[in-house]
Amino acid sequence: MDLDLVFFGTSGSVPTAQRAPSALLLRRGGERLLFDCGEGTQRQLLRSAVGLPELPEVFVSHFHADHYLGLPGMLKTFALRGRELPLAIYGPPGLKELFGALRRIFGKLPYPLELVELAPGDVLERGDYNLVTFPAAHAVVSLGFALVEHPRPGRFDVEAADALGVPSGPERGLLQAGESITLEDDRVVTPDEVLGSARPGRKVVLSGDTAPSATVLEAARGAEVLVHEATFLEEERERAQETGHATALEAAELAREAEVGLLALTHLSNRYFGPEVAREARTIFPETVVPKDFDAIDVPFPERGSPHLLKGAALHGREAEQPEPAPEAVS
């Protein structure tokens, strides 16, 4: 199943000519989950090959304006398009109070709007994966999110199935799904007789705005991808501490300790450019990328390769995507 992260807003508190405020779309199979919705997010989507889909869910990490100001306009656009499908918005405690004020802007909606307040540690069970919340260390109550897939069945051993007399067809599908079957001669074949060891699922962690945090570290352990903020460089560490943010070096140190596969730095201050942020982080953690708006990160299953950055992927669609060169080759 395809899994990728599409970056629609990678700037810090204010937009720049090249970067919009926070917005990230997680695509898993046919699912579309939007995390944060800064100013101009719907226009970013419309500029892309993704378009503005009938998003079923939006997750807001915290209530600083650069993370939610795009919501009123998006909700109004959905209304003007005649949307009827329900929309759920998740966020920390205070979400309902915030929307009590925002309703003056977007007015009455023709579709159901559900507001769900989440606490750190809440788990949303989604069939073959969980969406887990954890506390970030920011100036206000802020949530991080981890998508954690369940382990997958091991590879199906065709030769073993043939030797046991398992016919081709639905019986093999049942075994691969973890169910035992009974053959015509009343022999019972169990999944462990034809399946290899269980294969791990994927884990993607989104820190939201945060200072270096033990809770983020624990949530990120072993993740294929950690998307972590890097609002400042090390020269501004004191300023980062004052505002509840992280430096690129601090994020890299956390990624190294958590043994993640790929670190993606975002929420950049407008005083910095991506290459200098990447250079600082790579002194500690070489597998670091700094996505621009409209870049994507493809997250394959571990046995199929490592996560990689796809430059401008959201502008031209997946069929034309090309991986970014290895980190050490990027200026």
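The values are calculated or read from the model by the stated rules, or taken from the named source; none is laboratory data. None of these values were measured; they are calculated from a predicted model. Virtual Cβ from ideal backbone geometry, glycine too; neighbours counted across all protein chains shown. Just the protein is used for accessible areas: all its heavy atoms, side chains included, with ligands, DNA and RNA removed. Shrake-Rupley method; radii C 1.70, N 1.55, O 1.52, S 1.80 Å.
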**Q.** Carbon + sulfur, % of accessible area of region 1-67 - ligands and nucleic acids excluded, 1.4 Å
**A.** 50
**Q.** Two-site label geometry, Ala101 and Leu124: point separation in nm, points 7 Å out along Cα→Cβ
**A.** 2.4
Q: Could you sort 18-24, 253-259, 289-295, 83-89 so that the peptide with the highest average Cβ count within 10 Å comes first and the rest follow in order?
A: 18-24, 289-295, 253-259, 83-89
Q. Quick one: accessible area per residue over the chain, 1.4 Å probe, rounded to a whole number of Å²?
A. 45
(Q) For Asp122, what residues show an amide H to amide H distance below 5 Å, using hydrogens built from the backbone and excluding near sequence neighbours? (A) Thr133
**Q.** Long-range Cα-Cα pairs in region 107-171 (distance over 13 Å), rounded percent
**A.** 77
Q: Quote the accessible area belonging to Lys76 in square angstrom, nearest 10, computed with a 1.4 Å probe and with ligands, DNA and RNA left uncounted.
A: 80
Q) At a Förster distance of 51 Å, what's the computed FRET efficiency of Glu218 paired with Leu174, Cβ-Cβ distance as r, to 0.05? A) 0.85
Q. Given R₀ = 35 Å, FRET efficiency for Val116-Glu184 by Cβ-Cβ distance, to 0.05?
A. 0.10
Q: Compute the distribution of all C-alpha to C-alpha distances in the chain, in bins of 10 Å from 0, and list the percent of pairs in each, rounded to whole numbers.
A: 6, 25, 31, 20, 11, 6, 1, 0
Q) Hey, with R₀ at 30 Å, roughly what FRET efficiency would Glu235 and Ala65 work out to, going by the Cβ-Cβ distance, to 0.05? A) 0.70
**Q.** chymotrypsin sites (Phe, Trp or Tyr not before Pro) restricted to region 111-171 and DSSP loop, no more than 10 other C-beta within 10 Å
**A.** none
(Q) Quick check for the chain: number of Lys pairs with alpha-carbon distance under 21 Å, counting only pairs 8 or more apart or on different chains? (A) 4
Q) Using only helices, what value at 222 nm comes out for the chain when you add -39,500 (n - 2.57) per DSSP H run of length 4 or more and divide by the total residues, to the nearest 500 deg cm²/dmol? A) -6500 deg cm²/dmol
(Q) Output wanted: per-residue J couplings in Hz (rounded whole) for region 178-188, from phi through Karplus 6.51 cos²θ - 1.76 cosθ + 1.60, θ = phi - 60°, x for Gly and Pro. (A) x, 10, 6, 10, 10, 7, 4, 8, 6, 6, 9
**Q.** Calculated from backbone phi, Karplus (6.51, -1.76, 1.60) coupling profile of region 207-218 in Hz, x at Gly/Pro
**A.** 6, x, 6, 6, 7, x, 9, 5, 5, 5, 4, 5
Q) Using a Gaussian network model of the chain with C-alpha springs under 10 Å, which one of Ala281, Ala119, Ala160 is most mobile by mean-square fluctuation? A) Ala160
Q: For region 144-197, run through the GluC sites (Glu not before Pro) and keep only the ones in DSSP coil with at most 13 other Cβ atoms within 10 Å of their Cβ.
A: Glu179, Glu184
Q.
Per residue of region 24-30, what does 6.51 cos²θ - 1.76 cosθ + 1.60 with θ = phi - 60° give for ³J(HN,Hα)? Whole Hz please, x for Gly and Pro, Karplus curve as stated.
A. 9, 9, 9, 10, 9, x, x
**Q.** Residues with amide H under 5 Å from that of Val60, placed H, sequence gap 5 or more
**A.** Asp36, Tyr90, Gly91
Q) What residues qualify as long-range amide H neighbours of Ala139, i.e. H under 5 Å apart, gap of 5 or more or another chain, H built at 1.01 Å from N? A) none
Q. Restricting to the chain, what percent of DSSP beta bridges are antiparallel, rounded to 5?
A. 60
